[in-house]
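Each remark here refers to the structure printed beneath this line.
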Amino acid sequence: MCRQFLFRFLFGRCQGPRISELKYGCLGGVLEVRVLRRWSRRFHDDESWFLAVDKHGDAVQVFAAKTAQSFVEAKFRLHSCYSIADYTCAKPDKYQKILPALVCVNVGRASNIRNLGDRE
């Protein structure tokens, strides 16, 4: 609890729930996205990546590290919609980046991931 408060104090929150408004180093608000694709890098099978799109058509890479990989993989089902809260925004390095976006979304065990069903 204390660590989460300190992180919010130091980095603040992003402005809105749109992917296009996410900025490096801040905690995001509640995102509503559809997960379209899942992959793992060839020699890094201890991390999972997901491609997510919001209702405005903006896309972002979602990252789950090895400590939360199985937790996040169990939550996400491809082509389903989710509400994601309590995540952080990070910069993907040049080997991870597949989108022109400047940030990726890090999710883990502390993230609140809720299935919204198969919305249109």
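Each value in this text was obtained by applying a stated rule to the coordinates, not by laboratory testing. Worth saying up front: this structure is predicted, and the values here are computed from it rather than measured. Here the Cβ is made from the backbone with ideal geometry for all residues, glycine too, and neighbour counts use every protein chain on show.
Quick notes on this one:
- Dipole check for segment 52-120: with +1 at the C-beta of Lys and Arg, -1 at the C-beta of Asp and Glu, and the Cα centre as origin, the magnitude is about 200 Debye.
- Packing-based exposure ordering (other Cβ within 10 Å, fewest first) of 82, 87, 24: 24, 82, 87
- Here segment 91-110 is scanned for amide nitrogen atoms under 17 Å from the site 7 Å beyond the Cα of residue 56 along Cα-to-Cβ, giving 100-105.
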